[in-house]
2 protein chains.
Amino acid sequence: MNGAESLVHTLLANGIDTVFANPGTSEMHFVAALDRIPGMHCVLCLDESVVTGAADAYWRITGKPAATLLHCGPGLANGLSNLHNARRARSGIVNIVGDQATYHQPLDAPLTADTEGWARPVSAFLRRAANAASVGADAAAAIAAARTYPGHIATLILPADTAWEDGGIPAIAPPPAPPAPVQTLAIETAAKILRSGEPAMLLIGGDTERAGALLTAWRITQHTGAKFLAERSPARMERGRGRVAVERIPYPVDQALAAFAGIKHLILAGATPPVAFFAYPNKPGHLYPPDCTVHVLSRPDQDGPAALAALAAALGAPEIPTPEPMPLPPPATGAVTPEGVAQCLAAALPDNAIVIDEAISFGRGFFPNTRNAAPHDWMMLTGGAIGAGLPMTVGAAVAAPHRRVIGLQADGSAMYSLAALWTQARERLNVTTIILANREYAILRGELAGVGANPGRTALDMLDLSNPALDWCQLAGGMGVPAAQAATLEDLTRLLTESLTRAGPFLIELLI
Amino acid sequence: MNGAESLVHTLLANGIDTVFANPGTSEMHFVAALDRIPGMHCVLCLDESVVTGAADAYWRITGKPAATLLHCGPGLANGLSNLHNARRARSGIVNIVGDQATYHQPLDAPLTADTEGWARPVSAFLRRAANAASVGADAAAAIAAARTYPGHIATLILPADTAWEDGGIPAIAPPPAPPAPVQTLAIETAAKILRSGEPAMLLIGGDTERAGALLTAWRITQHTGAKFLAERSPARMERGRGRVAVERIPYPVDQALAAFAGIKHLILAGATPPVAFFAYPNKPGHLYPPDCTVHVLSRPDQDGPAALAALAAALGAPEIPTPEPMPLPPPATGAVTPEGVAQCLAAALPDNAIVIDEAISFGRGFFPNTRNAAPHDWMMLTGGAIGAGLPMTVGAAVAAPHRRVIGLQADGSAMYSLAALWTQARERLNVTTIILANREYAILRGELAGVGANPGRTALDMLDLSNPALDWCQLAGGMGVPAAQAATLEDLTRLLTESLTRAGPFLIELLI
């Protein structure tokens, strides 16, 4: 058994059966091993940002790591921005990077690069396999690291000779350890704060955004009168009819500051202390008031749902049913507005859909206005590195082939990882992508105003994507994804509804 | 004057008048400064690999750095693979990366990343501006580093507050220092070796691949009987009718080893010791024989043309005219073969064209078979990180608006940086892109065989891009580039010839 075979055996033996791959020469033995060992679902992606964004979404849905397969340092580099997003989402990924043979590395051949240097900033675990005999154990260690609660990126660099040499030994990773225990003192302190009647807020994030924990959090805030808010960009939130609705920290800094105004105590459950997305002249970086005390109920590596349950018990917060959902309005009609799109979306969203939200500027109202839609998961861009949306549709649809994935996708952001559409078509993934085609970097127009600049021709040109206009139906068609244009809300509802009845991907170019 | 304005003034004052940009929020003051200060050509690119690949090609043509404008660590990350290629090409780039404000950096907002960690492996110079007053001097230092012979990547990280604060002071960089002087001993030793009559080879690279130095090198080898070869992937070679033709190190390792067989002395002029692109089981990494002595006539930081001239003088190599070119055969007709494509290309290539060669597997014969075409520059993928080709067409065409750029582009590689087509259209660049549509990672099929693997269904699927087939006419059309399909060599000649008469870009999908 060669090293590559021991790697494939190790992955399979530890329950990792999906690899998102963009292989090159140094990974040919891994690819050959996949032939000889059945059981791995290999998803070919045409650039590495698709690989890593897909692996991120796969974890968010399944809670188990996918493997990636990347080619040398530059191939890893192409996937870094979505690994950055995955790190912010606390996703577990076994990130496999093929590299030059150990003895070839010092010769500095053209593709040789500082693979470790590039991997380190996103990797909680980073190891270069030394030889074929170590590959299995190295992979098991990477798997264990990736699964360590709540989820981490574990990068395993695989020199070509460690893959092709004989002597591979598969290995078993230890079972994932449970989350770090909740601290009694943290529960007691939070209960005391909430009983005091002083203005408090419960800010949730990470593992407290699933339906059960959300209900507990809501019970706590209903019982105590504390404000209730979620982090800005949930990795995955369970919501919709029959579930608790919660607002998120607004992106615009003034609105975000307003959301925290007057708070004396901020209680964090799975969330980190909230800060502005960017600095702006003469505005604070921390979003909560200077005299607010921050209290950590549960860290991201602790069991947030258990912490909330213990807090609810300590407070004696009664069991209450989730609030009755408001009746859904019918799909909106007429000209395309953000509110109208949200209303159409809420009406059409199928049961148990997965929404991937990289809608950016136009889509800020989509989230609040879909709170009463059919139950669904809402997954966001967690690290701000745009270009995650289309790759995430791939990973989510591979993870949950029987659920519909709806991509809400800004056009400018979609251009960073367009090749994801090809994998949607190749794997016949059940994805409806809605391109919000405003033909500009609309968010930057707001940011330019936000920094006090009065844009002239040169600046505006740098934000303008209309010269030439991108034709999304052709772009999708070029990659094998059927597509149509929507110019009205009636078009949108019709195309969206139709897309839900078909197997495989569909793209709607929504002119906004 | 704020820091951003001092940066723009410093760039312009030092002759840098072109910026390839994909800006975000933290660069809005730079963008606003471009409004207030005329003179900068801003080229908007829709992903960062286009930015950095274009800046690389711009340097190769003009010999002066362009500036980039990238957004925070993840934006830089998206551009790293083409910075890797640029580093291997020894291109000078002033690589500007906007980042979080200095005081916001410690708050670890979502987009915050280890920008230095990612920049370091490709950057000869790396500095984070400390405040607005330092930005001008920091930029001047970066410019000086970028221009240091033969060319380097100089990364300047620009925290948002250093851009928006007042107190900017423009600065002037010192003029570029000349190349390091040639060593007399190196000339004398090379002359002695070449006079000895022992089997020797002159291997050229870098700055010795321009027409004048090539002629000198050819005179030396004609006079002494030494073998004559060029590095595998020239950053830029001047060639065609009236110039000296030289072969390159072959990519397949067995052919490469054969090229060096029997050599006792290897004399390097601007080239580095040749090594295999990848390691293969039981094959050597160094391409020259174990008993071959390597002798450095000129390092990449030395004046290679001067070294060759001194060597020719020391040897008394007579002035001789360049060899008469062979008459060009007419364009080939019929079915599409590599040789036929090369013949059509050689016949159609306009005077002074710039050829960007990322043709990979199918295109290995293009180079030798175009030696007698009209005079042209040939620019290659230097670092092996595929996806440079389309971005390089952008940079070359911006650098030389009155020359035709011909992109020879493998389809698999093109998918990494597709968005370059949009910038071709937006800037109305005179680029003819020929997509070699074999609908597979053909090179990997060879590599899979090369490592001794006998591919089965799973492995072959991982190399196959035909499911679905990419439709390049739609992909180009979607970005505003007119396109047509060629199924025969007659189609190719007709479309290629027509494209040369039109202003702006054109894409030919050549079915191979």
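Using a probe of 1.4 Å, the accessible surface attributed to A:LEU349 totals some 10 Å² when neighbouring protein chains are kept in position. Counting heavy atoms of the protein chains alone, A:PHE278 has an accessible area of about 10 Å² for a 1.4 Å probe.
Split chain B at each of the GluC sites (Glu not before Pro) in a DSSP loop with at most 13 other beta carbon atoms within 10 Å, and the longest piece is B:1-246.
Modelled spin-label separation between B:LYS192 and B:ALA484, with each label point placed 7 Å from Cα along the Cα-to-Cβ direction: 6.3 nm.
Which whole number gives the average, over all residues in B:81-89, of C-beta atoms from other chains lying within 10 Å of the residue C-beta?
On the way: counts 14, 3, 2, 10, 3, 0, 1, 5, 0.
Counting other chains' Cβ atoms within 10 Å and averaging over B:81-89 gives 4.
The range B:433-507 and the range B:47-71 have Cα centres spaced 25 Å apart. The mean number of partner chain beta-carbon atoms within 10 angstrom of a residue's beta-carbon across peptide B:454-461 is 5. For A:LEU381, the residues 5 or more places off, or on other chains, whose built amide H falls under 5 Å of its own are A:ASP357.
Rounded to the nearest 5, the antiparallel percentage of DSSP beta bridges internal to the range B:432-512 is 10%. Both radii were evaluated on the Cα set of chain A; the Rg over Rh quotient, with Rh as the Kirkwood radius, amounts to 0.98.
Residues in the range A:477-494 carry Karplus couplings, in order, of x, x, 10, x, 9, x, 8, 8, 9, 10, 10, 9, 5, 4, 4, 4, 4, 5 Hz; the curve used is 6.51 cos²θ - 1.76 cosθ + 1.60 with θ = phi - 60°, and Gly or Pro positions show x. Label point of B:SER466 set 7 angstrom out along Cα-Cβ; within the range B:372-415, amide nitrogens under 16 Å from it belong to B:411-412.
Between the beta carbons of A:HIS41 and B:GLU339, assuming R0 = 35 Å, the FRET efficiency works out to 0.30 to the nearest 0.05.
Distances, shortest first, from the label point of A:GLY197 to those at the same position in the other copies read 11.0 nm; the point lies 7 Å along Cα to C-beta. Between the range B:211-263 and the range B:99-129, the C-alpha centres lie 42 angstrom from each other. Put a plus charge on the Cβ of each Lys and Arg, a minus charge on the Cβ of each Asp and Glu, and nothing anywhere else: the dipole of the range B:31-139 about its Cα centre is then about 500 debye. Computed over the alpha-carbon atoms, the range B:308-375 gives an Rg to Rh ratio of 1.14, Rh here being the Kirkwood radius from the mean inverse distance.
Annotation for A:HIS402 and A:ASP351: the two label points, set 7 Å from Cα along the Cα-Cβ direction, are 1.2 nm apart. Each DSSP beta bridge with both residues in the range B:372-512 is either parallel or antiparallel, and the antiparallel ones are about 5%. Of all DSSP-defined beta bridges confined to the range A:171-290, some 10% are antiparallel rather than parallel.
Between chain A and chain B, roughly 7800 Å² of accessible surface gets buried, counting both sides and using a 1.4 Å probe. The amide H of A:GLY504, built 1.01 Å from its N in the peptide plane, has A:ASN430, A:VAL431 as neighbours under 5 Å, considering only residues 5 or more places off or on other chains. The slack in the chain from B:HIS295 to B:GLN183, taken as 0.36 nm per residue of separation less the alpha-carbon distance, amounts to 39.1 nm.
If R0 is taken as 22 Å, the Cβ-Cβ distance between B:ILE320 and B:GLU247 corresponds to a FRET efficiency of 0.70. Averaged over peptide B:41-53, the number of partner chain Cβ atoms lying within 10 Å of each residue's Cβ comes to 3. Take the Cα of B:ALA258, go 7 Å toward its beta carbon, and the backbone nitrogen atoms of the range B:340-364 under 19 Å from that spot belong to B:361-364.
Where the accessible area of chain B is counted over protein heavy atoms with a 1.4 Å probe, how much of it, in %, is carbon and sulfur?
On the way: 8830 of 16040 Å².
Looking at chain B in its full context, I get 55 percent from C and S.
Might you tell me the accessible area per residue for chain B, computed with a 1.4 Å probe and given in Å²? Intermediate results must be reported in sequence, preceding the final value.
Values: 16040 Å² over 512 residues.
Heavy-atom SASA per residue in chain B reads 31 Å².
How large is the charge dipole for the range A:160-306, taken about the Cα centre, if only the Cβ atoms of Lys, Arg (+1) and Asp, Glu (-1) carry charge, to the nearest 20 debye? Before the final figure, lay out the partial values.
Values: 14 positive and 14 negative charges, 187 e Å.
So the magnitude is around 900 debye.
Here B:ALA487 yields copy-to-copy label distances, from shortest upward, of 3.4 nm, the label point defined as 7 Å from Cα along Cα to C-beta.
About its Cα centre, the dipole of the protein assembly as shown is roughly 340 debye, where the only charges are +1 on Lys and Arg Cβ and -1 on Asp and Glu Cβ.
The values are calculated or read from the model by the stated rules, or taken from the named source; none is laboratory data. Since we're looking at a predicted model, the values are computed, not measured. Positions of Cβ are backbone-derived with ideal geometry, glycine not excepted, and every protein chain shown enters the neighbour counts. Please note that ligands, DNA and RNA were not included when accessible areas were found on the heavy atoms of the full protein model with its side chains. Shrake-Rupley method; radii C 1.70, N 1.55, O 1.52, S 1.80 Å.
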